[in-house]
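Worksheet: one structure, shown below.
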Amino acid sequence: QVQLVESGGGLVQAGGSLRLSCVVSRSLFSLNAVGWYRQAPGKQRELVANIVSGGWTTYLDSVKGRFTISRDNPENTVYLQMNSLKPEDTAVYYCNAKYWDETYWGQGTQVTVSS
């Protein structure tokens, strides 16, 4: 079992920044992958960024160069630094972890970008 607790969402103006945090109940080294998804109203949930166990990162094309995923292994925490935010980044952001053949989700944190 893996618990994920997100924080850091909020309301920001276009061009601003936010940092999301996800505290994981297990060592990050034990996970196959950990990352962030988002879901906007009326849209499917999409992968924003993730880190696999070997350290490689993947980003959604529309956030490349603006968002950075990182991890603090001793603190079992994953971050998503979001810069140059746009109104189209507005969504609920979910932390996600893959452990063996199971997938776990956090409760989600709302990010709203005003124009």
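Laboratory data are not the source of any read-out in this text; all were calculated from the coordinates shown. A quick note: this is a predicted structure, and the numbers were derived from the prediction, not measured. For neighbour counting, all protein chains shown are included, and Cβ atoms are generated from backbone atoms with ideal geometry for every residue, glycine included.
Some values worked out for this structure:
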{"read-out": "Search result, residues across region 14-23 that are in contact (Cβ under 8 Å) with a residue 60 or more places away in the chain and assigned to a strand (DSSP E or B)", "value": "Leu18, Arg19, Leu20, Cys22"}
{"read-out": "Members of region 59-80 that are among the polar types (S, T, N, Q) and either within 17 Å of Val111 (Cβ to Cβ) or in contact with a Pro (Cβ under 6 Å, 6 or more places away or on another chain) (or both)", "value": "Ser62, Thr68"}
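Conditions tested, residue by residue: (1) in contact with a Lys or Arg (Cβ under 6 Å, 6 or more places away or on another chain); (2) without any contact (Cβ under 8 Å) to a residue 24 or more places away in the chain; (3) of a type outside the set (S, T, N, Q).
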| site | (1), (2), (3) |
| --- | --- |
| Ser25 | no, no, no |
| Leu28 | yes, no, yes |
| Tyr59 | no, yes, yes |
| Ser62 | no, no, no |
| Asn73 | no, no, no |
| Thr77 | no, no, no |
| Met82 | no, no, yes |
